Structure formats: C-alpha cells, structure tokens
Amino acid sequence: MKDVFAKLGQDFFSTIVFLVLYLVTGDVVLATCVAIAGAITQFVYARIKGQTLDMMTYASLALVVVLGGATLLTKDPRFVLAKPSIGHFAIGAIMLRKGWMLRYIPPIVSDTVPEYVIAAGYAWAALMFALGAGVIAVAMTGDMKLWAFYVSVVAIGAKVLAFAIQYVVLRVIIARKLRAAAAAPQM
C-alpha cells in the first residue's frame, strides 16, 4: 500500500507542486514554471538513477510541459488544472481491460468470486472517467479553491470510499459463499 501512495505522489508531483505554490503565492506563472522545472528534474533524476520509466512517466512529463506551456502563454491556469483529468481518463481506459484487478486481489478473493472482481474493475473504470470529467468541469470554472477541494478531497475521498465499499461487499459475498459451501452436504 505504501508503494501505491509513493507512486501516486511521484506521478502527481508536478500537480502538487503547482497547487501548493499557487495557493501560497497566487502567482500562476511562478507556480507553472516551478511545476515544469520539478517535472523535468524528477525525470532527469530518474534517468540518472537508472530507473525504468514507463509510458505514464513520459506522458506525464509531456503533459506538464505542453499544458504548462499553454498556461504560461495564456496566463490561464485552467490548462494545468485539467492535467489530472487526463490521468483519470488514461487510468480509466486501462481499467477497461477485463480482469485487470485480479492480480491485485488476494487469492481467496480471485479464486472465490472472480466475476465480482471483474465487475468491480469496470466500476473502477467508470469512477475514473466520472472523476476525470469532474476535474475538467471544475477546472473550467477557474476557481482554484474549488479545484483544490475537488482534487484533494472529492476525488481522493471518492476513491477511498469506493475501496471501502468494494472491500466490505467482497468480504460479505465471500463469507456467504464460504458458509454456503461449508453447509452443503459433502459427498
């Protein structure tokens, strides 16, 4: 779990830097420049350390530079604010692959209720698309405080809530299945 949060922090580092610096200074140009520099530094550091970089790392760097450049040219933060939606859409698209979640689930779950895990995977994809659309809608308002609240509270809260619901539902279903199997006459 710690690795997941570390990876998410790494993937959204430039967005976090932008948000914090913009909220502290109110200067969109400064926040954007530092976010772009941070993304480039993070990329160069990973290359120097010999870390294997996946497609998402390259895509994230390109998005920061392109959307950050558009923000600098127009002095409009909405371009940078829309960046997390692209991540949500990309992750949602990946989650449309049937059974993607099975490798992340304990064997008792994947062996007992694989069909529910597959359905949960599609539900996660739908959630990612909905959250991505929400990011764009909120970014278009240009209200930084609303955007910060949406990205840091609503989007993260929705994922935590979805995880909790999934955990409870799968646990209940598995318990019922195991009790039913134990109660069935043995031959």
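The values are calculated or read from the model by the stated rules, or taken from the named source; none is laboratory data. As the structure is a computational prediction, the values presented were derived from the model and not from experiment. For neighbour counting, all protein chains shown are included, and Cβ atoms are generated from backbone atoms with ideal geometry for every residue, glycine included. What goes into the accessible areas is simple: the full protein's heavy atoms, side chains included, and nothing from ligands, DNA or RNA. Shrake-Rupley method; radii C 1.70, N 1.55, O 1.52, S 1.80 Å.
Couple of notes before you dig in:
- Being within 30 Å of A180 (Cα to Cα) and of a type in the set (A, V, I, L, M, F, W, C) is a condition met by no residue of the range 58-71.
- Residue match in the range 61-79 (condition: at pLDDT 80 or above, in contact with a Ser or Thr (Cβ under 6 Å, 6 or more places away or on another chain) and open to solvent by 70 Å² or more (accessible area, probe 1.4 Å)): yes
- Condition met for V109 (surrounded by 19 or more Cβ atoms within 10 Å (Cβ to Cβ), within 19 Å of the chain's Cα centre (by Cα) and in a helix (DSSP H, G or I)): no
Every residue, every condition in (1) open to solvent by 70 Å² or more (accessible area, probe 1.4 Å); (2) over 18 Å from F89 (Cα atoms); (3) assigned to a helix (DSSP H, G or I); (4) modelled with pLDDT of 95 or more, yes or no:
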residue	(1), (2), (3), (4)
W147	no, no, yes, no
V153	yes, yes, yes, no
I156	yes, no, yes, no
A180	no, yes, yes, no
Q186	yes, yes, no, no
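- Against the test of being open to solvent by less than 60 Å² (accessible area, probe 1.4 Å) and at positive phi, the options G87, G92, G99 yield a single qualifying residue, G99.
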